[in-house]
């Protein structure tokens, strides 16, 4: 059985004041029935890791492919781990669009993360134009092939499907569309890595997940949890999503 995962991506939001949300979340879920992951800005990572204790894992939002060097403003996977991270989000559409990251960049970063002992949360997703052109599965298939390194395991990799047009817009695919993509990802993983890795890897859905729609999304085939954006910033919003996943 794949253990469910509720992951929160705070993006470029949060200061020390947001640590109160971690305290509220741990108080409400002292012994959660699913894995919980918070990925705060790098400036908060060590403080969130300290505040989270054992009930909540923490992760970075990106890492550099190199272990160290003259890369001003970047953070290595080893630095994230040193700050308390166990995971790192890679290939998020906002990184791909804002920073021009391609599949090879994501693969190189994933290799660095795994080598440092982190779990790589690799994101894939199509644009609205690609969805309307009926190219979704071809786009997702290409991203999976290009972004995932060889030799991964179900312990050091998580896949997150985030349709770009649904991120922060309030729009979401239909449940049938979500199921189609998640089933496609599962099949692609099984074909490439075999049934062991393919059937054990967790696949998350992301894109305007909130308490009002979480239950329906979590009932969809091969949805093993969620990568949540804005709704993960407040315990009063993220908590009900976690509860919905526990009950799925």
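The values are calculated or read from the model by the stated rules, or taken from the named source; none is laboratory data. The structure presented is a predicted model; accordingly, all values stated were derived computationally and were not measured. Counting neighbours? That spans all protein chains shown, and the Cβs are built from the backbone with ideal geometry, glycine included.
Of all residues in region 173-183, exactly one satisfies the criterion of being touching a helix residue (DSSP H, G or I) at 6+ places or on another chain (Cβ under 7 Å) and surrounded by fewer than 21 Cβ atoms within 10 Å (Cβ to Cβ), namely 175. Among the residues of region 11-19, are any touching a strand residue (DSSP E or B) at 6+ places or on another chain (Cβ under 8 Å) and touching a residue at least 24 places away in the same chain (Cβ under 8 Å)? No, the conditions are met nowhere in region 11-19.
Restrict the check to region 185-193 and report whether at least one residue is within 18 Å of the chain's Cα centre (by Cα), modelled with pLDDT of 95 or more, over 20 Å from residue 108 (Cα atoms) and part of a helix (DSSP H, G or I). Yes, because at least one residue in region 185-193 is within 18 Å of the chain's Cα centre (by Cα), modelled with pLDDT of 95 or more, over 20 Å from residue 108 (Cα atoms) and part of a helix (DSSP H, G or I). Within region 1-31, the set of residues being part of a loop (DSSP other than H, G, I, E, B) and under 18 Å from residue 211 (Cα atoms) comprises 4, 10, 29.
Within region 196-229, no residue satisfies the criterion of being within 21 Å of residue 48 (Cβ to Cβ) and surrounded by fewer than 19 Cβ atoms within 10 Å (Cβ to Cβ). The residues of region 35-59 that are surrounded by fewer than 19 Cβ atoms within 10 Å (Cβ to Cβ) and assigned to a loop (DSSP other than H, G, I, E, B), listed by number, are 41, 53, 54, 55. Among all residues of region 198-220, there is at least one that is under 19 Å from residue 165 (Cα atoms), assigned to a loop (DSSP other than H, G, I, E, B), free of Cβ contacts under 8 Å to residues at least 40 places away in the same chain and touching a strand residue (DSSP E or B) at 6+ places or on another chain (Cβ under 6 Å). Tallying residues that are under 21 Å from residue 228 (Cα atoms), in contact (Cβ under 8 Å) with a residue 40 or more places away in the chain and not in a helix (DSSP H, G or I) within region 120-162 yields 12. For region 184-194, the condition of being surrounded by 15 or more Cβ atoms within 10 Å (Cβ to Cβ), more than 21 Å from residue 119 (Cα to Cα) and touching a residue at least 12 places away in the same chain (Cβ under 8 Å) holds for at least one residue.
Tally up the residues in region 63-75 that are closer than 13 Å to residue 114 by Cβ and buried (at least 17 other Cβ atoms within 10 Å of the Cβ), please. Residues that pass the stated criteria total 2.
Taken over region 7-20, the criterion of being within 29 Å of residue 106 (Cβ to Cβ) and buried (at least 16 other Cβ atoms within 10 Å of the Cβ) is satisfied by 7, 8, 9, 10, 11, 14, 18.
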